[in-house]
Amino acid sequence: MSSTTFLDRLRKGLERTRDILNADVEDLARGRRPLQPEDLDAMEEALIASDFGVAATHDAMEVLRDRSSQVWTGGVPAMRALLRDEVRKSLDRPLAVRPFATKPWVVFVVGVNGVGKTTTIGKLARAWKAEGRTTLVCAADTFRAAAAEQLEIWARRTESPFHRGLEGADPSAVLTDALRLARSRGHDAVLVDTAGRLHTKGNLMAELAKMARVAAREVAGAPHETLLVLDATVGSNGLNQGREFARAAGVSGLVLTKLDGTARGGVAVAVVRDLGVPIRYVGVGESAEDLLPFDAETFARGLIGD
Ligand code: GDP
């Protein structure tokens, strides 16, 4: 995919957030007058409304105020440039791993039900297949038969091998079988769907920890990535769950889904600041091709505009 279409699709996905961030600013631009302090207040409100969070909004406003002379003379374009830079800097986190350095590359996908785990796995299997990789899709959520069925549909659609256990089976046992299969068949990657809910939260976190131990026994260094899927439409309200997973499940990266359906795209900045791990992918729609690899610079441009 060329970078133009990538940016275009991200721009489209972030449309609603960008509209909020730009509504007041566009009015100012039409007025063609130097910016006033009140204009910055409007910007602050827009940042809060799009879920940047209090801390990130505070920092961004500090930069705009510190550089106010630049904003006064440069007007809206200067303000956007400063904001873009702030967003890019907060989102730019180094990746601790080199994807596909080991074979099979084992990725756990975690998060509460409904955030888009199944869909994300399907989209990833498709993208990796397009890169020439075989991905075994493993349904380790043995309590949600419907989830395993959905996952199997995605696997079939992407012509990816699929493994599931019997309903109610021990997820770690299902995972062990999947990893042995992937090893013996020489698959490049294993995507593991995990339970989003058990009877108690304590159990769920203990189960994820056990699965990680089991994975490491079968494949050195596994899970190589643990991706926490967060639903952007929930905005910063999803942060509490995020923290719990991040603490207990050793999350190494984030997937932010449903950006297309929300004006709260600023939450990307809030979650990265809060959880301290990079975003790896963003979901901008329900179709198979609607998952984009994350890039801080492109995202900042999509969010704030040029
Ligand atoms: P899971 O319970 O976490 O496995 O969630 P699912 O993958 O089943 O997704 C729940 C719903 O969210 C489904 O209707 C998906 O089509 C939808 N969904 C997932 N990702 C996106 C996205 O990026 N954009 C939109 N608009 N919908 C999404």
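The values are calculated or read from the model by the stated rules, or taken from the named source; none is laboratory data. All figures in this text were calculated on a predicted structure; none of them were measured in a lab. Virtual Cβ from ideal backbone geometry, glycine too; neighbours counted across all protein chains shown.
So here's what we get for this one:
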| item | result |
| --- | --- |
| Residue count for the stretch 162-189, restricted to those that are free of Cβ contacts under 8 Å to residues at least 60 places away in the same chain and under 23 Å from D290 (Cβ atoms) | 1 |
| In the stretch 89-121, the residues that are surrounded by fewer than 19 Cβ atoms within 10 Å (Cβ to Cβ) and either part of a helix (DSSP H, G or I) or of a type outside the set (K, R) (or both) | K89, D92, P94, L95, A96, V97, P99, F100, A101, T102, N113, G114 |
| Residue within the stretch 229-244 that is more than 15 Å from the ligand (Cβ to nearest atom), touching a residue at least 24 places away in the same chain (Cβ under 8 Å) and in contact with a strand residue (DSSP E or B) (Cβ under 8 Å, 6 or more places away or on another chain) present | no |
| Given (1) crowded, with 19+ Cβ neighbours inside 10 Å; (2) more than 22 Å from D51 (Cβ to Cβ); (3) free of Cβ contacts under 8 Å to residues at least 60 places away in the same chain; (4) not basic (K, R), number of the condition M79 does not satisfy | (2) |
| Residue in the stretch 89-103 that is touching a Phe, Trp or Tyr at 6+ places or on another chain (Cβ under 8 Å) and away from the ligand (no atom under 12 Å from the Cβ) present | yes |
| Any hit, the stretch 94-105, residues being under 30 Å from L64 (Cβ atoms) and touching a Pro at 6+ places or on another chain (Cβ under 8 Å) | yes |
| Test result for L175, surrounded by 21 or more Cβ atoms within 10 Å (Cβ to Cβ) and away from the ligand (no atom under 16 Å from the Cβ) | yes |
| Among residues of the stretch 13-60, those that are in a loop (DSSP other than H, G, I, E, B) and either modelled with pLDDT of 90 or more or in contact with a Phe, Trp or Tyr (Cβ under 8 Å, 6 or more places away or on another chain) (or both), counted | 7 |
| Matching residues, the stretch 252-271, being away from the ligand (no atom under 14 Å from the Cβ) and either surrounded by fewer than 22 Cβ atoms within 10 Å (Cβ to Cβ) or polar (S, T, N, Q) (or both) | S252, G253 |
| Residue satisfying condition, being within 16 Å of the ligand (Cβ to nearest atom) and either of a type in the set (S, T, Y) or surrounded by fewer than 19 Cβ atoms within 10 Å (Cβ to Cβ) (or both), within set T73, T135, T158 | T158 |
